[in-house]
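Below is one structure, written out as structure tokens, with a few remarks after it.
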Amino acid sequence: FAQKQPTSGAKISFSETMWDFGYVPKTGTVSHTYIIKNTGSDTLIIVKVRPDCGCTTTPMTQKRLLPNESAEMKIFFDPRKVVTNEVVKKLQIISNDPDNPISETQFTARIGITSSLVKLSPTEFNFDTLASGTENTRTLAVENISKEKLSVSTIEGPGEYVDYSLGNKSIKPGESIQLAVKLKKGVAAGSFHTSLTLEFEGSKVARISIPIFGEIVSQ
């Protein structure tokens with residue numbers, strides 16, 4: 001956030017106004033968390049968050065922010081509801097900011113398109129149906145199909161449902177690394193959706209968002 005002196009009234013600002021999911025397999029929902037901050041001197045009230053597509057949901061719970069307070073605006077994007085391969089989607093945020101009553105964020109995605117740098121097998125972390133309180137791990141292989149060494153970095157982690165750590169920070173041409181995510185204990189019963197966004201960089205860069213999903217049932 002740019003440092004600004006609070007001015008009269010509520011003032012809305014965002015951690016970013018454009019997010020890139022990169023390559024997204026058409027196998028499950030991916031998510032991203034924007035941070036909304038009130039940089040004004042009065043309480044900011046989020047009246048409504050309005051996606052421009054039924055493919056996106058925004059279950060924002062905190063809608064009143066005191067001066068200098070921040071809140072998460074998590075979005076869930078389901079690429080299976082989109083017919084085109086490349087999208088730019090907008091979200092309108094309606095608030096009581098007198099200077100910016102209708103602000104906007106956007107995200108982009110390349111759906112179902114294969115990266116020329118890496119290949120995932122499988123293309124998602126599918127936990128299927130699990131009993132509550134159990135621990136479980138899912139893995140996938142990432143193969144470097146380019147002709148040069150690739151560095152790997154985490155752009156956005158999977159959030160509160162699973163534990164994840166990136167061991168290998170690079171992949172040689174023709175080699176693979178294993179990625180693993182472990183479901184945390186105590187996840188509430190019901191379906192869950194999150195994702196992991198990674199970036200692979202050589203002379204070119206490829207960003208990939210990997211869906212993570214499952215269903216928790218009470219024992």
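The values are calculated or read from the model by the stated rules, or taken from the named source; none is laboratory data. In this text, all values refer to a predicted model and were calculated from it rather than measured experimentally. Counting neighbours? That spans all protein chains shown, and the Cβs are built from the backbone with ideal geometry, glycine included. Areas reflect the complete protein model, heavy atoms only, side chains present, ligands, DNA and RNA absent. Shrake-Rupley method; radii C 1.70, N 1.55, O 1.52, S 1.80 Å.
Can you tell me, using C-alpha contacts under 8 Å and at least 6 residues apart, the relative contact order of the chain as a whole percent? Walk me through the intermediate numbers first.
Numbers: 583 pairs, mean separation 49.2, N = 219.
In percent, rounded to a whole number, it is 22.
From the alpha carbon centroid of region 24-44 to that of region 119-186 is 23 Å. The Cβ shell under 9 Å around Gln106 holds other residues with a net charge of +1, Lys and Arg each +1, Asp and Glu each -1. Report the far tail of the P(r) of region 21-79, meaning the percent of Cα-Cα pairs longer than 17 Å. I get 46 percent for the Cα pairs in region 21-79 exceeding 17 Å. In terms of the Cα gyration tensor, with a ≥ b ≥ c the square roots of its eigenvalues, is region 75-219 rounded because a/c is under 1.5, prolate because a/b exceeds b/c, or oblate? Oblate shape, in that a/c is at least 1.5 and b/c is the bigger or equal ratio. Here region 63-158 has an Rg and Dmax of 19.1, 53 Å, counting Cα atoms alone. Going by accessible surface with a 1.4 Å probe and the largest first, Arg138, Arg64, Arg110 read Arg64, Arg110, Arg138. Amide H contacts under 5 Å for Ile155: Thr197, Leu198, Glu199, restricted to partners 5 or more places along the chain or on a different chain, H placed in the peptide plane at 1.01 Å from N. Rolled with a 1.4 Å probe across the full set of protein chains, the surface gives Ser170 an accessible area near 50 Å².
Count Lys and Arg as plus one, Asp and Glu as minus one, and take only other residues whose Cβ is under 14 Å from that of Cys55; the net charge is then +3. For region 107-175, what is the relative contact order in percent, using Cα pairs closer than 8 Å and at least 6 residues apart in sequence? About 31 percent, as a whole number. Approximating the spin labels as points 7 Å out from Cα along Cα→Cβ, the Val83-to-Ala141 distance works out to 3.7 nm.
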